[in-house]
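**Student:** Provided herewith is a single structure, encoded as structure tokens, for subsequent inquiry.
The values are calculated or read from the model by the stated rules, or taken from the named source; none is laboratory data. Just so you know, these numbers come straight off a predicted model, no measurement behind them. FYI the Cβ positions are ideal-geometry reconstructions off the backbone, even for glycines, and counts take in every protein chain you see. Side chains included, ligands, DNA and RNA excluded: accessible areas come from the protein's heavy atoms. Shrake-Rupley method; radii C 1.70, N 1.55, O 1.52, S 1.80 Å.
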Amino acid sequence: MKETAIVIGGGMGGLFTAALLAKKGLKVTVLEKNKNIGGGLQSFKKHGKIFDAGLHVVAGMHKGGSLHKICCYLGILDSLKLEDCSDNLTYFSSGKTYHIPNGREAFVDALASEFPHERRGLEEYVEALYAVTREFDLYYLRPSDDFFTSVSETAMMPADEFIAQYICDERLRDILAYMNPMYAGVAGQTPAYVHALLNVVFLNGRQRFVGGASQLANALAKVITDAGGCVKAKTEVTRILMRDKIIAAVETADGKCYTADVYISDVHPRHLISLIDGKGLSKAYTERVNAMPVGYSAFMLFITLKEGIIPYDNINHYYQDDYGLAWQRVDSRSWPNALMMMTPPEENQGRWASKIYAAATMSYEQVSRWADTRRKHRGDDYEQWKRRHIELMLSKMERLYPQLRDAIDEVVAGSPLTIRDYFNTPEGSMYGNIKDCNNFALSMLPVITKVPNLLLTGQNVNLHGICGVPLTAVSTAEVVVGHNTIIEEINNKYNNLYGNN
């Protein structure tokens, strides 16, 4: 057990890890470079409306879900306002919409009603999804014998081949891959376990934050400060000082030094390497980290609406130009051939929507010519490029909302450069490092490093997003306080309150 910890980066992973350690009695200091903590949990205001910068759909908050258990353990459930939601998938070519409800049985029934000849295949496919997830003790917060999990050949096969084992209809195969934009799925590369872990957690129940995802960041920060810790925004770590092959201190942009027993990095591993003074990490480790491919980025619209024109709904709308595109890489020539949009809920949400969020995946190559520029100083050619892409997005969105142009009050757009600079991720990656079933070693980083007092957390270690980041935080925190210690405490508290789940 260490007594003090410094967390470099106040994103979702850093805050969850810090809160878990604070709960165990450590004095934790979180150092975040941005003025707002939370990373993907950040919210911002435009025209008086709250928009989420990153996290828009929550999963795992159903009774018995891993996130529900972790938040229960941390004592923050009552401070989170959520509403249930579901998904629709529409193909522009035919106008056909498929509803994707919550719940395993409802999911099978909904798609089997459209593809009755595939009912048995759907049932076997869903059972196989759950079987893959059961290979991961951490996913269910089960105590395990080791930090590292070996998985089956099925879990490591390409996700597109995994689907094809059970489903013959190519249209249905495409539908089952509709969540690819949530994890940068690539045919022949993305492992089945990534597809399974994310799909199952969303099958069990989707929700959205009412009033912004920053409420989760603020709740985690309160856990830390209530335990005597500190969360410092606008405090960028610029240098990590080494002595005798361990970290001696971190230095911030304002010239201050911070010391602790253990240091935990929530920043991208490439950025972490650039901060380390001297030869703290081996050349092989550095080369491996720098060679890890990053996931693709996105172009995002945050639209403020005039009152009483666009109806509010609690559905996340996914669109594709046609069948057969789910596994294609992002192509600038046909962009956007797929997009996701929603009307996020506000406090006391009424009949009419006040805002729309929309996003389409995008490769960094589309903005690489402005890579050396900074926000608000990218030039007129960049602004013209951005306006063209806003128009391309709005043209697609009008198919759902024909009255959209009349309803728009203001449009704010974010490109891969915005994401790169806002979240400090290489190439504006939204999904962490790419997981490749053909090169597993290049896909994964353990939370333990060769520097004895340096650990990793966040979306670049295991899984990204609300599914993976809190679970990785548990793994990281348990390296400090003891393997299975936190998991057993989480389950004991949860079972006392809700019974054995």
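**Student:** Please specify each residue of region 476-485 satisfying the condition of being in a helix (DSSP H, G or I) and either buried (at least 24 other Cβ atoms within 10 Å of the Cβ) or modelled with pLDDT under 95 (or both).
**Tutor:** Result: T476, A477.
**Student:** Give, as residue ranges, the helices (runs of 4 or more DSSP H) completely inside region 117-181 that count at least 1 residues that are modelled with pLDDT under 95, of a type in the set (G, A, S) and surrounded by 14 or more Cβ atoms within 10 Å (Cβ to Cβ).
**Tutor:** Result: 153-156.
**Student:** Ok, one more. Can you run down the residue pairs with Cβ atoms below 7 Å, 6 or more apart or on separate chains, where the first is in region 68-80 and of a type in the set (A, V, I, L, M, F, W, C) and the partner is outside any helix (DSSP H, G or I)?
**Tutor:** Partner pairs satisfying both residue conditions: C71/L80.
**Student:** Output the number of residues of region 187-202 satisfying the condition of being farther than 16 Å from N460 by Cα, open to solvent by less than 10 Å² (accessible area, probe 1.4 Å) and not in a helix (DSSP H, G or I).
**Tutor:** Counting residues in region 187-202 that are farther than 16 Å from N460 by Cα, open to solvent by less than 10 Å² (accessible area, probe 1.4 Å) and not in a helix (DSSP H, G or I) gives 0.
**Student:** Just the residues that are outside any loop (DSSP other than H, G, I, E, B) and either modelled with pLDDT under 80 or open to solvent by 20 Å² or more (accessible area, probe 1.4 Å) (or both), please, taken from region 417-432.
**Tutor:** Looking only at region 417-432, we keep the residues that are outside any loop (DSSP other than H, G, I, E, B), and these are 417-423, 426-428.
Answer for region 417-432, where residues must be outside any loop (DSSP other than H, G, I, E, B) and either modelled with pLDDT under 80 or open to solvent by 20 Å² or more (accessible area, probe 1.4 Å) (or both): T418, R420, D421, Y422, F423, P426, E427.
**Student:** Follow-up. Evaluate the following for S475: is it within 21 Å of the chain's Cα centre (by Cα), farther than 27 Å from H47 by Cβ and in contact (Cβ under 8 Å) with a residue 40 or more places away in the chain?
**Tutor:** Details: within 21 Å of the chain's Cα centre (by Cα): yes; farther than 27 Å from H47 by Cβ: yes; in contact (Cβ under 8 Å) with a residue 40 or more places away in the chain: yes.
It is true that S475 is within 21 Å of the chain's Cα centre (by Cα), farther than 27 Å from H47 by Cβ and in contact (Cβ under 8 Å) with a residue 40 or more places away in the chain.
**Student:** How many residues are among the β-branched types (V, I, T) and touching a helix residue (DSSP H, G or I) at 6+ places or on another chain (Cβ under 6 Å) when one looks only at region 152-189? Don't jump to the end; show me each part of the working.
**Tutor:** Here is the first cut: in region 152-189, the ones among the β-branched types (V, I, T) are 154, 163, 167, 175, 186.
Within this subset, residues satisfying the condition of being touching a helix residue (DSSP H, G or I) at 6+ places or on another chain (Cβ under 6 Å) are 163, 167.
Counting residues in region 152-189 that are among the β-branched types (V, I, T) and touching a helix residue (DSSP H, G or I) at 6+ places or on another chain (Cβ under 6 Å) gives 2.
**Student:** If you scan region 454-475, which residues turn out to be assigned to a helix (DSSP H, G or I), among the hydroxyl-bearing types (S, T, Y) and open to solvent by less than 10 Å² (accessible area, probe 1.4 Å)? Walk me through how you get there before you give the answer.
**Tutor:** Kept after step one, since they are assigned to a helix (DSSP H, G or I), are these residues of region 454-475: 465-475.
Next, from what is left, pick out any that are among the hydroxyl-bearing types (S, T, Y): 472, 475.
Of everything in region 454-475, just one residue is assigned to a helix (DSSP H, G or I), among the hydroxyl-bearing types (S, T, Y) and open to solvent by less than 10 Å² (accessible area, probe 1.4 Å), namely T472.
**Student:** Would you mind listing the strands (runs of 3 or more DSSP E) fully within region 5-59 where at least 2 residues are at pLDDT below 95 and not acidic (D, E)?
**Tutor:** Fully inside region 5-59 and qualifying: 43-46, 49-52.
**Student:** Moving on to the next point. Please pick out the residue among Y285, Y263, Y318 that is among the hydroxyl-bearing types (S, T, Y) and within 30 Å of H389 (Cα to Cα).
**Tutor:** Y318
**Student:** May I pose another question? Look at V267 and say whether it is in contact with a helix residue (DSSP H, G or I) (Cβ under 7 Å, 6 or more places away or on another chain) and surrounded by 15 or more Cβ atoms within 10 Å (Cβ to Cβ).
**Tutor:** In short, no.
**Student:** In region 386-404, which residue that is open to solvent by less than 70 Å² (accessible area, probe 1.4 Å) and part of a loop (DSSP other than H, G, I, E, B) is nearest to V367 (Cα to Cα)?
**Tutor:** E398
**Student:** Can you name every residue in region 16-38 that is open to solvent by 10 Å² or more (accessible area, probe 1.4 Å) and out of contact with any Phe, Trp or Tyr (no Cβ under 9 Å at 6 or more places or on another chain)?
**Tutor:** Within region 16-38, K24, G25, K27, E32, K33, K35, I37 meet the criteria.
**Student:** Being hydroxyl-bearing (S, T, Y), open to solvent by less than 20 Å² (accessible area, probe 1.4 Å) and touching a Lys or Arg at 6+ places or on another chain (Cβ under 9 Å) is the filter here, so list the residues in region 334-363 that pass it.
**Tutor:** T343, S354, listed by residue number.
**Student:** Still on this structure, I have one more. Within region 242-348, which strands (runs of 3 or more DSSP E) (wholly inside it) include 2 or more residues that are of a type outside the set (A, V, I, L, M, F, W, C)?
**Tutor:** 246-252, 262-265, 297-305, 315-320
**Student:** Can you tell me which residues in region 60-83 are part of a loop (DSSP other than H, G, I, E, B) and of a type in the set (A, V, I, L, M, F, W, C)?
**Tutor:** Of everything in region 60-83, those that are part of a loop (DSSP other than H, G, I, E, B) and of a type in the set (A, V, I, L, M, F, W, C) turn out to be M61, I76, L80.
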